[in-house]
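Just below is one structure, and these are the notes that go with it.
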Amino acid sequence: MNRKRMQGVYVVEFAIIGLLLFVLLFGVLEMGRLYFTVNALNETVRRGARLAAVCDISDPIILRRAIFNAATDSGASSLINNLGTADLSLTYLDVNGATVASPNDLTGVNGFRAIRYVQLRITNFSFNLLIPGFGGVFALPAFRSTMPRESLGRHAEAGDITPC
């Protein structure tokens, strides 16, 4: 083979192998980012359900603290991209798992006294791929956590509301 004619072959080989290597590298990074996002969303619903089980049901801090924000922050999550309190669905359930109609009603049969479980859900959360050339968006499955009710922000003996 003529050495002069072989000079460009190394560049072409590196371009092909380099492309495959970088796609593989970005794929591994995206899988790590996806794994982090899924774990963070699982922790968000667990944390939010736990806060809702012990905090007052009318406290707006519950959902803000669930998405890893400070109690005074009102924007999107600082940890999970594009996650806001509007993406969370907090429901109070009775002993049969049905939604309690008016959880703020302290005296009614279908009110505060009927609450047995607290459920927090995240549905239709979109994950954006950042791989160059493979950009896309896909929806992650629903995340849900259900916990038994605890104090719901009230002392049993006095009926007082405790802040979170």
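The values are calculated or read from the model by the stated rules, or taken from the named source; none is laboratory data. Just so we're clear, the structure is a prediction, and the values are computed from it rather than from any experiment. Note that we place each Cβ from the backbone using ideal geometry, even for glycine, and neighbour counts take in every protein chain shown.
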Over region 85-129, the set of residues surrounded by fewer than 19 Cβ atoms within 10 Å (Cβ to Cβ), charged (D, E, K, R) and at pLDDT 90 or above is Asp94, Arg116, Arg121
By residue number, the members of region 12-26 that are surrounded by 10 or more Cβ atoms within 10 Å (Cβ to Cβ) and either aromatic (Phe, Trp, Tyr) or over 27 Å from Gly136 (Cα atoms) (or both) are Glu13, Phe14, Phe22, Phe26
Considering only strands (runs of 3 or more DSSP E) wholly within region 68-152, the ones with at least 1 residues that are touching a residue at least 24 places away in the same chain (Cβ under 8 Å) are 88-93, 117-122, 126-128, 143-148
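For every residue, the table says whether it meets (1) modelled with pLDDT of 90 or more; (2) under 18 Å from Arg121 (Cβ atoms).
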{"position": "Lys4", "(1), (2)": "no, no"}
{"position": "Val23", "(1), (2)": "no, no"}
{"position": "Ala49", "(1), (2)": "yes, yes"}
{"position": "Ile80", "(1), (2)": "no, yes"}
For this session: Look at Leu140 and say whether it is modelled with pLDDT of 90 or more, within 22 Å of the chain's Cα centre (by Cα), under 22 Å from Asp59 (Cα atoms) and among the aliphatic types (A, V, I, L, M).
Result: no
